[in-house]
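Each value in this text was obtained by applying a stated rule to the coordinates, not by laboratory testing. Being a predicted model, the structure only gives us computed values, none of them experimental. Neighbour counts run over all protein chains shown; Cβ positions are idealised from the backbone, glycine included.
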Amino acid sequence: MRTSRISRETKETQISLTLCLDGGETRVDTGIGFFDHMLTAFAFYSGFGLELKAVGDLNVDGHHTVEDVGICLGQALREALGDKRGIARFGTAFVPMDEALCRTVLDISNRPFLVYEAEMPQSAVGAYHSCLTEEFMRAFAVNSGITLHMSCLYGKNAHHITEALFKSLGLALKVAAAVEGDGVASAKGLL
Ligand SMILES: [Mn+2]
């Protein structure tokens, strides 16, 4: 099983998580209801097992908690992928949610990069600030080493747009992290 465990503690957040790329339980508690909803959707559509507990300085706002969970989840993905032998490497997913349509295209490349084009029509969903999705995705891409392109093609509701982004990330990663053969999917011979 491709599994990793991460613990990270700063003055702003304490995070522990277990990620299993080959499935398992999902239990998420970050103290931000909508963020838990997003991470649970991500785990469901990726097919990954994810147990995550984050305690952050929510008295400030959600920024440190969301960004640091992105860092830890990215580190966990990189570690769980190991030498990346046999993975498909590329993944693409479109997800509609009511009026919104979002697309994720990614490459498990060891070339961290984020392109993010998603305007949020409302600044918050519950206690979650809509701008935090980009912070999460950047932290996740940089720390996992993936090239991540995310777009909202259209949409009017920040809940729908954000949820479609997280679901499409899960679906695209499910494809890209799937083990297909036993070679390294690179003309260079190394990822
Ligand atoms: Mn929802």
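Structure data summary
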| read-out | value |
| --- | --- |
| Amide H contacts of Arg85 (H built 1.01 Å from N, under 5 Å, at least 5 apart or other chain) | none |
| Ascending count of other beta-carbon atoms within 10 Å, so fewest first, for Thr40, Thr18, Thr65 | Thr40, Thr18, Thr65 |
| Dipole of the chain, positive end: most advanced residue of His129, Thr104, Ala177 [Cβ charges, Cα centre] | Ala177 |
| In the chain, lysine pairs with alpha-carbon atoms under 29 angstrom apart (chain gap of 8 or more, or interchain) | 10 |
| Average projection area in nm² (convex hull over Cα atoms of segment 1-82, one quarter of hull surface) | 4.7 |
| Those chymotrypsin sites (Phe, Trp or Tyr not before Pro) in segment 71-179 that DSSP places in a loop and that have at most 16 other beta carbons within 10 Å | none |
| Helical mean residue ellipticity (222 nm; -39500 (n - 2.57) per DSSP H run of 4+; nearest 500) of the chain | -11500 deg cm²/dmol |
| Amide H contacts of Arg27 (H built 1.01 Å from N, under 5 Å, at least 5 apart or other chain) | Leu50, Glu51, Leu52 |
| Point-charge dipole on Cβ atoms (K/R +1, D/E -1) for the chain, about Cα centre, debye to 20 | 620 |
| Global geometry of the chain, whether rounded, prolate or oblate, following the gyration tensor of its Cα atoms and the 1.5 cut on a/c | oblate |
